[in-house]
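The values are calculated or read from the model by the stated rules, or taken from the named source; none is laboratory data. Source: prediction; values computed, not measured. Cβ placement follows ideal geometry from the backbone for every residue including glycine, while neighbour counts extend to all protein chains displayed.
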Amino acid sequence: MNDEATTHYNSIIDQHSLGAEFLRDQFGECGRPKIGWQVDPFGHSREQGSLLAQMGFDGLFQGRVDYQDWQTRNRTKTMEMVWKTSTNLGNQSWLFTAILRDEYSPPDGLCFDDSCADPPIMDDPRLHDYNVPERVQAFIQASQKQAAGYATNHIISPMGADFHYENANEWFKNLDKLTKYVNLEQANGSNVNTFYSTPSCYLYGLNKAGRTWTTKTDDFFPYADRPHGFWTGYFTSRPALKRYERHSNNILQITRQLNAFSNSQLRNSIFVLSEAMGVVQHHDAVSGTEKQEVAFDYAQRLSVGIDNAIRVINKAFDKLLPKDTQPAPGPQFLCQVTNISECLPVQDQTRFTLTLWNPTVHPVLQYYRVPVTKSYTVRDPTGQPILAELIPVSNATKKIPGRTSTAGNQLIFRANLPALGFNTYFFEAKTTEENQEPKVKITQNAECILENQVR
């Protein structure tokens, strides 16, 4: 289940495409999912519903909704609805949506896993702890209580939960007994019939009921599970990981473009980053709700994926860059930590080139920063010098495990890039005479004084 609050639609589509491809390869067309199971994300966006509807999903199940919304819907029998997830796509974006009564957990007292404290079903009357009547009544009462909040005589009861499905044999042994004895109780007047089912079968039953459903057009945000208990901190928590996920997505899309334009056919090398990006969309990943050790693992997976993508980028540029470029481009590499003003391979070079790729469908004119230790003359793709300014960043040497950067300056220049294309810029260190900066006379206006308020 991907997060819905801190994700980008591009990455959601990529994740679902990757998963759908795997299911198709393993199980064929019949393995394509038709039901959304978003039972643990912390709130729901209608854009997520719109994406699922456009992907061909028939329905969506949710677990976490605001406690006041849940109480109102349970009281008015509107736990199931048609979600109109777009204002301009019409019924193409309509998605039948159901809210589970107990999120993804079984009814109280009916957990049958190793880590559960609830008693198993003991159906041998000779045993002193024989408990079939008690267990059957517990399930019937829970079912009747749940049915009070739903509009039809069909209800769905998830079995298993977070960290509570580690012993499948124990679960199915008890569920077999529960199904058998609950259905036998109908002879004594019970109106509960239970059987193994799936979300698809459940929605089929609701569709056959032939009733009209209420609708919803907005988000399920923000999510609160109690008064003053709003789950909104994760919108901004772990900002470094959130930024790294967005940066990694940029690299992924660029790599795909270059691989296609150069006809390098290195899709398998891109898969490492695609897979890492898919995992990081998890509702306990990009959201920032995971433990620190897990956040480190996500970041490491992205880093390894980018390393693989860089090799694809290099091979693509080997094909795309003109061979007669002077000076020769040489080996290409991607500087991944320019955000801390570091690019070790170029910072002390006398000459180097910088190739900038524009992945958008329109030309862009932007300023770029290159970490360096000295001043350079910068020339555009035609060989003409362009304006570049050397800005001091820090006089201190930055010590990073395994490497040391001495780049205390950033060279800032403006680049004009064509749509879906690249330009190469040439850097050559200035001589001592060229590095002499003209003296600037600083004037002061005595009529304008800015200062803090004196208390």
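Would segment 33-45 turn up any residue that is in a helix (DSSP H, G or I), touching a residue at least 60 places away in the same chain (Cβ under 8 Å) and basic (Lys, Arg)? Steps first, answer last, please.
So in segment 33-45, the residues in a helix (DSSP H, G or I) come out as none.
No, because not a single residue in segment 33-45 is in a helix (DSSP H, G or I), touching a residue at least 60 places away in the same chain (Cβ under 8 Å) and basic (Lys, Arg).
Return the only residue of Gly63, Gly109 being in contact with a helix residue (DSSP H, G or I) (Cβ under 6 Å, 6 or more places away or on another chain) and assigned by TED's automatic domain parsing to the domain that holds Asn188.
Gly109
Pairs, please: C-beta under 6 Å, at least 6 apart or cross-chain, first residue more than 19 Å from His154 (Cβ to Cβ) and in segment 179-200, second in a loop (DSSP other than H, G, I, E, B) and among the aromatic types (Phe, Trp, Tyr)?
Nothing qualifies.
Scan segment 231-271 residue by residue and report those that are more than 18 Å from the chain's Cα centre (by Cα), surrounded by fewer than 18 Cβ atoms within 10 Å (Cβ to Cβ) and farther than 20 Å from Thr360 by Cβ.
Those that are more than 18 Å from the chain's Cα centre (by Cα), surrounded by fewer than 18 Cβ atoms within 10 Å (Cβ to Cβ) and farther than 20 Å from Thr360 by Cβ: Asn263, Gln265, Arg267, Asn268.
Would you say Tyr234 is farther than 27 Å from Trp94 by Cα and assigned to a helix (DSSP H, G or I)?
yes
Across segment 170-197, which residue is surrounded by the most Cβ atoms within 10 Å (Cβ to Cβ) among those that are at pLDDT below 95 and out of contact with any helix residue (DSSP H, G or I) (no Cβ under 9 Å at 6 or more places or on another chain)?
Ranking the qualifying residues of segment 170-197, first place goes to Gln186.
Which one is farthest from Ala309 (Cα to Cα), of the residues in segment 341-364 that are touching a residue at least 60 places away in the same chain (Cβ under 8 Å) and surrounded by fewer than 17 Cβ atoms within 10 Å (Cβ to Cβ)?
Ranking the qualifying residues of segment 341-364, first place goes to Thr350.
Quick one: would you say Gln332 is without any contact (Cβ under 8 Å) to a residue 24 or more places away in the chain, in contact with a helix residue (DSSP H, G or I) (Cβ under 9 Å, 6 or more places away or on another chain) and not charged (D, E, K, R)?
On the way: without any contact (Cβ under 8 Å) to a residue 24 or more places away in the chain: yes; in contact with a helix residue (DSSP H, G or I) (Cβ under 9 Å, 6 or more places away or on another chain): yes; not charged (D, E, K, R): yes.
Yes.
Looking only at segment 112-142, which residues are within 31 Å of the chain's Cα centre (by Cα) and either surrounded by 15 or more Cβ atoms within 10 Å (Cβ to Cβ) or outside the structural domain of Met81 (by TED's automatic domain parsing) (or both)?
Asp113
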